[in-house]
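Peer 1: This is the structure, below, for whatever I ask next.
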Amino acid sequence: MPSILFVCLGNICRSPLAEGALRAEAARLGFDLIVDSAGTGNWHAGEAPDERAQRTALKHGVDISALRARQVTKGDFRRFTHIIALDHENLSNLRKLAPSDSTAELSLLLDHVPGREGQAVTDPWFGDEAGFEVTWDEVEAAARGLAAQLRAL
Ligand code: 4NP
């Protein structure tokens with residue numbers, strides 16, 4: 001079964017939204033996969049997603065309130081088939097952190113959206129709630145692309 005780990009910096013805004021969007025898309029399509037998210041940083045470990053992220057997801061019918069932030073571990077590189085970074089800085093930090101026996105395929109989230117390959121998901125942390133809507137649109141598009149790719153495996 002495919003297992004997907006989304007990674008951003010704090011694991012309270014972008015990656016929990018990506019996790020919620022992919023869970024919802026997999027449920028909609030009726031196929032099983034393991035989905036989780038983590039942060040390269042640990043400042044927010046144990047916290048629920050940012051309230052603006054929770055409200056935005058809920059507006060789109062997805063409840064992410066039960067998620068709790070955690071930091072990525074070396075074990076994640078053996079446990080997950082795919083580790084997907086939300087931006088270039090986190091992807092670069094993941095590459096540095098990867099143990100030599102890593103089996104996970106690393107990519108950038110928007111690589112899974114035709115026409116947006118190589119781009120970063122907007123970081124909504126310093127903006128207002130409208131920014132979270134932009135992030136939601138991006139993670140939802142990626143969830144659709146990813147679900148289609150993973151189903152074809
Ligand atoms: P995230 O957003 O990486 O999408 O969860 C952020 C969360 C916290 C901070 C920055 C970005 N921070 O600076 O604490």
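The values are calculated or read from the model by the stated rules, or taken from the named source; none is laboratory data. Please read all numbers here as calculations on a predicted model, not as lab measurements. Cβ: placed from backbone, ideal geometry, glycine included. Neighbour counts: every protein chain shown. Protein only, heavy atoms only, side chains kept; ligands, DNA and RNA dropped before computing areas. Shrake-Rupley method; radii C 1.70, N 1.55, O 1.52, S 1.80 Å.
Peer 1: What helices in the chain pass both tests, a Cα length along the helix axis of 27 Å or more and a mean Kyte hydropathy of -1.0 or higher, using whole DSSP H runs?
Peer 2: TM-like helix candidates: 129-151.
Peer 1: Separate question: For a quick check of understanding: with a 1.4 angstrom probe and all protein chains in place, what accessible area in square angstrom does Lys59 have, to the nearest ten?
Peer 2: That residue has around 130 Å² of solvent-accessible surface.
Peer 1: Would you mind counting up the charge near Leu108? Only other residues with Cβ under 14 Å from its Cβ, with Lys and Arg at +1 and Asp and Glu at -1.
Peer 2: Neighbour charge sum, excluding Leu108 itself: -4.
Peer 1: Then there's this: Just subtract the alpha-carbon distance of Ser92 and Val134 from 0.36 nm times their residue separation and send over the number in nm, one decimal.
Peer 2: Extra length from Ser92 to Val134 when fully extended: 12.8 nm.
Peer 1: Using θ = phi - 60° and the Karplus relation 6.51 cos²θ - 1.76 cosθ + 1.60, list the HN-Hα couplings for the range 76-82 in order, rounded to whole Hz, with x at every Gly or Pro.
Peer 2: Rounded to whole hertz, the list is 4, 6, 9, 7, 9, 7, 9.
Peer 1: What size of dipole, in debye to the nearest 20, comes out for the range 3-151 about its Cα centre when the only charges are +1 on Lys and Arg C-beta atoms and -1 on Asp and Glu C-beta atoms?
Peer 2: 440 debye
Peer 1: Tell me, what is the percent relative contact order of the chain, built from C-alpha pairs under 8 Å that lie six or more residues apart?
Peer 2: Once divided by the residue count of the chain, the mean separation gives 27 percent.
Peer 1: Within the range 92-144, which GluC sites (Glu not before Pro) sit in a loop by DSSP and count at most 13 neighbouring Cβ atoms inside 10 Å?
Peer 2: Glu117
Peer 1: Then there's this: Quick one: accessible area per residue over the range 3-151, 1.4 Å probe, rounded to a whole number of Å²?
Peer 2: Averaged over the residues of the range 3-151, the accessible area is 46 Å².
Peer 1: In the range 37-57, which residues have a backbone nitrogen under 20 Å from the label point lying 7 Å from Thr122's Cα in the Cα-to-Cβ direction?
Peer 2: Once the point is set 7 Å along Cα→Cβ of Thr122, 50-57 turn out to lie under 20 Å by backbone N, inside the range 37-57.
Peer 1: Enter the accessible area of Leu58 (Å², nearest 10), with the probe set to 1.4 Å and all protein chains included.
Peer 2: Accessible area of Leu58: about 110 Å².
Peer 1: For the range 23-152, what class follows from the C-alpha gyration tensor (a ≥ b ≥ c being the square roots of its eigenvalues): rounded when a/c is under 1.5, otherwise prolate if a/b is larger than b/c, else oblate?
Peer 2: rounded
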